[in-house]
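The values are calculated or read from the model by the stated rules, or taken from the named source; none is laboratory data. Predicted, not measured: the structure shown is a model, and the values here were computed from it. In this analysis, Cβ positions are derived from the backbone assuming ideal geometry, glycine residues included, and neighbour counts consider all displayed protein chains. When the accessible area is computed, the model is the full protein with side chains, heavy atoms only, and any ligands, DNA or RNA have been set aside. Shrake-Rupley method; radii C 1.70, N 1.55, O 1.52, S 1.80 Å.
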Amino acid sequence: MKKKIIATTITISVIFFICIAVGAYMLLFSKPFRTEYPTYIYIDENDDIDSIYTKIERKLNPSTIKGIKFLSWLNNYSDNIHTGAYRLDSETRTIDAFRKLKSGSQTPVRLIVPSTRTVDKLIGRVSRQIMADSTDIMKLLNDSSYIANMGFNKNTLPALFIPNTYEVYWNMTAEGFIKRIKKEYDSFWNEERTAKANSLGLSKIEICTLASIVEEETANNGEKPLVAGLYINRLKRGIPLQADPTVKFSLQDFGLKRILFKHLEVESPYNTYKINGLPPGPIRIPSVIGLNSVLNYARHNYIYMCAKEDFSGTHNFASSLREHQINAYRYQQALNKRNIR
């Protein structure tokens, strides 16, 4: 009888441990998704273990959550939280997901640095893609000593940003972001581009300033080298640029559809109808296409341009004032016909 009891006890114990083993296996080696799509768990500097669990619960299935909680307790994860973006896909097992979180093995993310009209707007869009807060980034960029150490001031700061898509770690700090941007700026201005700028007699910031005007003049990428060539012709001949976008910038009225004589009288170092040469800094953050359009400008004799009367967003170019006046008259008539004042 005793032998039967012992055998039964052993059998029950074996089954019990098998059940535990199977349960543990299911918890730790199951795949975590309700769907097959990859997702990210974002952990920032304000997260604690409870907020992390809440984030996980929104993304993963219940068995995975239980497994991660068990492993967190077993490994004292609450005292070793790492910030970052952690990619989990349909093949990621619970134990692998936890290992990523515990070790801080975050996945790089794509950071899109856009071409925008102002630095504020750019930082607003960037801060939605990384952990760093826009306020912290702008605090550094508003520090004149800090940006002076990089070779910029308030007017020239837009030239620092080279719009592109970069691979970064999501938990980068405000200072880490700016250092990365400066690194990309230095990388963009390689020997070849610097040599082209020098051959034009322009600094890197002046190239960016001219590119910003070109980009505000036309959204047509094919036309940008032509526009750049026109302004370079004017600079070489000592003719004021007379660029309408600089008037809009001076007035801070970017919705102006028709530049009138009264607008041209605004007193501003950015009004290229009033000053000779380039304004003190970019009037927007130009794209790489815009920058390269200046560095690889089209050679021609044009010194005048006027928007086409078909409102296609492109321009009529002219080498003589007489030809330009004809183009301008056609455009003015088109404006009048559409009652654009």
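Things to note:
- Only listed residue being hydroxyl-bearing (Ser, Thr, Tyr), under 28 Å from ILE232 (Cα atoms) and open to solvent by 60 Å² or more (accessible area, probe 1.4 Å), chosen from SER145, SER199: SER199
- Pairs, first farther than 16 Å from ASN164 by Cβ and of a type in the set (Gly, Ala, Ser) in region 175-202, second open to solvent by less than 60 Å² (accessible area, probe 1.4 Å) and in a helix (DSSP H, G or I), C-beta under 7 Å, six or more apart: ALA197/ILE207; ALA197/LEU295
- One residue stands out among those in region 157-196 that are under 13 Å from the mean Cα position of the chain (by Cα) and charged (D, E, K, R): the one that is most open to solvent (accessible area, probe 1.4 Å), which is GLU167.
- Identity of the residue in region 250-301, at pLDDT below 95 and within 20 Å of ALA219 (Cβ to Cβ), that ends up surrounded by the fewest Cβ atoms within 10 Å (Cβ to Cβ): GLY255
- Picking from residues in region 156-200 that are of a type in the set (A, V, I, L, M, F, W, C) and part of a loop (DSSP other than H, G, I, E, B), the one that is farthest from ASP44 (Cα to Cα) is TRP189.
- THR135 being under 22 Å from ILE41 (Cβ atoms) and either in contact with a Phe, Trp or Tyr (Cβ under 7 Å, 6 or more places away or on another chain) or open to solvent by 20 Å² or more (accessible area, probe 1.4 Å) (or both): no
- Positions within region 287-303 being in contact with a Phe, Trp or Tyr (Cβ under 9 Å, 6 or more places away or on another chain) and closer than 20 Å to PHE152 by Cβ, in sequence order: VAL288, LEU291, VAL294
- Test result for VAL266, assigned to a loop (DSSP other than H, G, I, E, B), among the hydrophobic types (A, V, I, L, M, F, W, C) and either under 27 Å from the mean Cα position of the chain (by Cα) or more than 14 Å from SER212 (Cα to Cα) (or both): yes
- Count of residues meeting criterion [under 23 Å from ASN171 (Cβ atoms), part of a helix (DSSP H, G or I) and among the hydrophobic types (A, V, I, L, M, F, W, C)] in region 66-94: 2
- The residues of region 69-96 that are open to solvent by less than 60 Å² (accessible area, probe 1.4 Å), closer than 16 Å to ASP47 by Cβ and not hydroxyl-bearing (Ser, Thr, Tyr), listed by number, are ILE81, GLY84, ALA85.
- The number of residues in region 285-303 that are assigned to a loop (DSSP other than H, G, I, E, B) and among the small types (Gly, Ala, Ser) comes to 2.
- Listed by first and then second residue, the pairs linking a residue in region 232-258 that is over 19 Å from HIS300 (Cβ atoms) to a residue that is surrounded by fewer than 18 Cβ atoms within 10 Å (Cβ to Cβ) and of a type in the set (Ser, Thr, Tyr), with Cβ atoms under 6 Å apart and 6 or more places separating them unless they lie on different chains, are SER250/SER268.
- Members of region 97-131 that are open to solvent by less than 70 Å² (accessible area, probe 1.4 Å), touching a residue at least 24 places away in the same chain (Cβ under 8 Å) and over 21 Å from the mean Cα position of the chain (by Cα): ALA97, PHE98, LEU101
- The residue that is most open to solvent (accessible area, probe 1.4 Å), counting only those in region 302-341 that are aromatic (Phe, Trp, Tyr) and touching a strand residue (DSSP E or B) at 6+ places or on another chain (Cβ under 6 Å), is TYR302.
- Qualifying residue in region 192-210 (condition: more than 23 Å from ALA243 (Cβ to Cβ), in contact with a strand residue (DSSP E or B) (Cβ under 7 Å, 6 or more places away or on another chain), of a type in the set (A, V, I, L, M) and at pLDDT 95 or above): no
- Per this entry, TYR40 is not counted among residues that are out of contact with any strand residue (DSSP E or B) (no Cβ under 8 Å at 6 or more places or on another chain), aromatic (Phe, Trp, Tyr) and either modelled with pLDDT of 50 or more or exposed (fewer than 13 other Cβ atoms within 10 Å of the Cβ) (or both).
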